[in-house]
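**Student:** This is the structure, below, for whatever I ask next.
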Amino acid sequence: MSRAFVKEDDGDRPEAPLPDRPISQHPNLVTPQGLEKLKAKVLALKEERQSLSRQADMFAQGRLPEVARDLRYFEHRLSSAVVVDPARLSGEKIQIGCLVELEDEQGNTYHYRIVGEDEADPAKGLISWVSPLGTALMGQPEDEEVLWRRPDGPRRLIILSIDPRPADT
């Protein structure tokens with residue numbers, strides 16, 4: 001059969017809808033800064049959706065499902081957010097928002113702030129409270145030794161200090 005009479009895919013078929021982003025099973029604990037970031041993200045996605053919907057080009061129309069999916073996710077996260085204000089904490093035990101100083105077995109020190117899941121950025125020292133390290137630290141007092149279970153083997157850490165003061169924004 002000649003290829004001249006075979007209909008080829010011209011891209012007119014709608015793509016399968018994007019699956020929703022998975023929602024964590026854990027309570028959505030956030031710092032006050034994390035709540036503000038969630039609000040800003042929802043606002044930015046709404047503005048992007050509005051801008052894309054006014055454009056007729058294929059790229060803009062192709063981005064709409066992704067933006068809609070992300071907007072659903074962040075609206076859900078915003079509506080389920082439970083703000084934990086570290087300024088109201090005693091600092092006796094590690095909680096959301098606390099800055100902790102840790103020391104490993106080799107004497108190296110590390111500083112991490114314990115934050116909500118959507119705030120986490122390990123490269124910036126922001127560790128989710130449900131991460132393996134966050135889980136090991138939550139509720140622990142100063143001078144406590146914790147075991148951080150890592151893929152490359154466990155590491156023992158000592159909690160040197162706990163600072164409940166909020167992060168500078």
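**Student:** Name every residue in the range 38-50 that is charged (D, E, K, R) and either crowded, with 19+ Cβ neighbours inside 10 Å or modelled with pLDDT under 95 (or both), in order of residue number.
**Tutor:** Here is the first cut: in the range 38-50, the ones charged (D, E, K, R) are 39, 41, 46-49.
Result: GLU48, ARG49.
**Student:** Of all residues in the range 92-108, which are touching a residue at least 40 places away in the same chain (Cβ under 8 Å) and more than 23 Å from VAL30 (Cβ to Cβ)? Spell out how you get there, then give the answer.
**Tutor:** So the first thing to find is which residues in the range 92-108 are touching a residue at least 40 places away in the same chain (Cβ under 8 Å), and the list is 92-105.
GLU103, ASP104, GLU105 - these are the residues of the range 92-108 that are touching a residue at least 40 places away in the same chain (Cβ under 8 Å) and more than 23 Å from VAL30 (Cβ to Cβ).
**Student:** Going by the structure shown, is LEU71 out of contact with any His (no Cβ under 7 Å at 6 or more places or on another chain) and surrounded by 13 or more Cβ atoms within 10 Å (Cβ to Cβ)? Please lay out each step first, then the result.
**Tutor:** Values: out of contact with any His (no Cβ under 7 Å at 6 or more places or on another chain): yes; surrounded by 13 or more Cβ atoms within 10 Å (Cβ to Cβ): yes.
When the stated conditions are applied, LEU71 passes them.
**Student:** Residues that are under 14 Å from SER161 (Cα atoms): find the strands (runs of 3 or more DSSP E) completely inside the range 65-149 holding 1 or more of those.
**Tutor:** Numbers: elements: 81-83, 99-104, 109-115, 126-128, 145-148.
Correct list: 99-104, 109-115, 145-148.
**Student:** Then there's this: Which residue pairs have Cβ atoms under 7 Å apart, sit 6 or more places apart or on different chains, and have a first residue in the range 152-166 that is without any contact (Cβ under 8 Å) to a residue 40 or more places away in the chain and a second that is among the aromatic types (Phe, Trp, Tyr)?
**Tutor:** Filtered contacts from the range 152-166: PRO154/TRP148.
**Student:** Quick one: what pairs do we get from the range 110-128, first residue free of Cβ contacts under 8 Å to residues at least 40 places away in the same chain and buried (at least 18 other Cβ atoms within 10 Å of the Cβ), second outside any strand (DSSP E or B) and charged (D, E, K, R), C-beta under 8 Å, 6+ apart or different chains?
**Tutor:** As it stands, the answer is LEU126/GLU119; SER128/GLU117; SER128/GLU119, since those pairs meet every condition given.
**Student:** Suppose we keep only residues that are touching a strand residue (DSSP E or B) at 6+ places or on another chain (Cβ under 8 Å) and in contact (Cβ under 8 Å) with a residue 24 or more places away in the chain within the range 129-141. Which one would you say is farthest from PRO27 (Cα to Cα)? Don't jump to the end; show me each part of the working.
**Tutor:** So in the range 129-141, the residues touching a strand residue (DSSP E or B) at 6+ places or on another chain (Cβ under 8 Å) come out as 129, 132-134, 136-141.
Applying the additional criterion that residues be in contact (Cβ under 8 Å) with a residue 24 or more places away in the chain yields 129, 137-141.
Working: TRP129: 10, LEU137: 17, MET138: 14, GLY139: 16, GLN140: 19, PRO141: 22 Å.
My answer is PRO141.
The values are calculated or read from the model by the stated rules, or taken from the named source; none is laboratory data. Computed from a prediction, not measured in an experiment: that's the story for all the values here. Neighbour counts run over all protein chains shown; Cβ positions are idealised from the backbone, glycine included.
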